[in-house]
1. Which condition breaks for Thr308 when tested against (1) part of a strand (DSSP E or B); (2) open to solvent by less than 30 Å² (accessible area, probe 1.4 Å); (3) within 24 Å of Leu324 (Cβ to Cβ)?
2. Could you tell me whether Arg230 is among the charged types (D, E, K, R) and modelled with pLDDT under 90?
3. Quick check: anything in segment 143-158 closer than 21 Å to Pro96 by Cβ, touching a Pro at 6+ places or on another chain (Cβ under 7 Å) and not small (Gly, Ala, Ser)?
4. Which of the following residues is in contact with a Lys or Arg (Cβ under 8 Å, 6 or more places away or on another chain), at pLDDT 85 or above and not basic (Lys, Arg): Pro314, Pro319?
5. Look at Arg371 and say whether it is of a type in the set (Lys, Arg), at pLDDT 85 or above and closer than 19 Å to Leu322 by Cβ.
6. Of everything in segment 395-411 that's surrounded by 15 or more Cβ atoms within 10 Å (Cβ to Cβ) and basic (Lys, Arg), which residue is modelled with the highest pLDDT?
7. Considering each residue of segment 28-53, count those that are open to solvent by 50 Å² or more (accessible area, probe 1.4 Å) and in contact with a helix residue (DSSP H, G or I) (Cβ under 7 Å, 6 or more places away or on another chain), and give that number.
8. Any idea which of (1) in contact (Cβ under 8 Å) with a residue 40 or more places away in the chain; (2) surrounded by 14 or more Cβ atoms within 10 Å (Cβ to Cβ) is the one Met1 doesn't satisfy?
Amino acid sequence: MKQTFALVDCNSFYASCEKVFKPSLEGRPVIVLSNNDGCVIARTAEAKALGISGFEPVFKYQAIIEQHDVAVFSANFTLYGDLSSRVMATLRQFTPEMEIYSIDEAFLSLAGMSIDRGNYCRNIRNVVKQWTGIPVSIGIGPTKTLAKLANRFAKKDPALDGVLDLTDHPRLDSFLEKTGVKDIWGVGRKHSKLLNRYEIQNALQLRDANDNWIKKHMTVTGLRTVEELRGHPCIEGDEAPPPKQCIMTSRSFGRDIYSKEDLEQAAAEFTAMCAEKLRKQGSKASLLTVFIASNSFRDEPQYSNSVTLSLPEPTDYTPRLLELVRRGLKSIFKPGYSYKRAGVLLSGIGPGDTVQLDLLGSCRESPGEYRIMQAVDAVNARTGRGALKYAAAGIDRPWKMNQRKLSPRYTTNWPDVPVVLA
């Protein structure tokens, strides 16, 4: 059966999520900032037209922001995650086979469907917009690489009305010629520079390149990309990724902190986040590293240190890890410094169902403790991270990130649900 893929990609996803609950932002430039409100990580087409680039410090654009009344938001990942789930649930209505590629992208299989692909995908686009408020663009092709390439044009060319089908398209070569090798899915920066050195500048030239040369310089992975450009599907659906061997959570603080108690709160929060990720992949850890660092931007004495502690028996039980991180922090903390950053790393990770027991007595969590962890994870997954917190992470949290422009959690927090007056 001939394969046909449709790549659905949300337009400026983070910024679009902010606009869903603020219709007054329509037509106005919108940008979303990273943790601690440091860099621009998402922008609408209006913001791009003003010259605002992604992953650049926001202070560089302060004059533009003020002059053009740019709407600025702190990243609200709870809101984005929930709206992503709604978009994906909507897309599942249209195909029995779907692969979620990222928070704002999904491949739909249209193989074996007797449909007018263009009209079908325009209908998908309209339904997603109507049900979730999120605009999407759709690229269609016989391979995933060509579907990604088609999506790129569908997003940028208003004349295409958000949908481009490159399956048996009479001007396929023209679209390939207009696509630089750096913009091809699967061609990284290093290979892009290599191809340019050998005067392979666009997707058409790469498609027609010699197989032996491609295999020699870009390995079999590069050859698969070339075959995909030729219309031969080579990239299968993503298999389940292997469990992570290290899990780390670290943050810069919203302001410098000086006390051990505040550092303990931050480390406890980071430990709880690591433990949640550990349980999610069904693993347990036997090593915990905690590190702290002072503010290197201050003209004053600097200090940084870390310590790694081992557990007698691997665990994913948060209270046990909290006890360990508190002990580690106590051994490396020095008073008199202004601390700006801390983090926790879990390693020595292995499967949760094959744990080496402690010879001197098992400290494995009881069934009741296991169920408590399951309940905490389930509540936080459903209502957003932080709905249930550990007391060790504190209440006031002076170390928390700067999020001065944080929008409400419209869909996951009852007090934030919009009120309509009639």
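The values are calculated or read from the model by the stated rules, or taken from the named source; none is laboratory data. Here the structure is a predicted model, which means the values were calculated and not measured. Don't worry about glycine lacking a Cβ; one is built from the backbone with ideal geometry, like all the others, and counts go over all protein chains shown. For the accessible areas, the whole protein counts, side chains as well, though only heavy atoms, and no ligand, DNA or RNA atoms are used. Shrake-Rupley method; radii C 1.70, N 1.55, O 1.52, S 1.80 Å.
1. (2)
2. So Arg230 does not fit the description; no.
3. Among the residues of segment 143-158, at least one is closer than 21 Å to Pro96 by Cβ, touching a Pro at 6+ places or on another chain (Cβ under 7 Å) and not small (Gly, Ala, Ser), which makes the answer yes.
4. None of the others qualify; the one that does is Pro314.
5. yes
6. Step by step, filter segment 395-411, then rank; the result is Lys405.
7. 3
8. Exception for Met1: condition (2).
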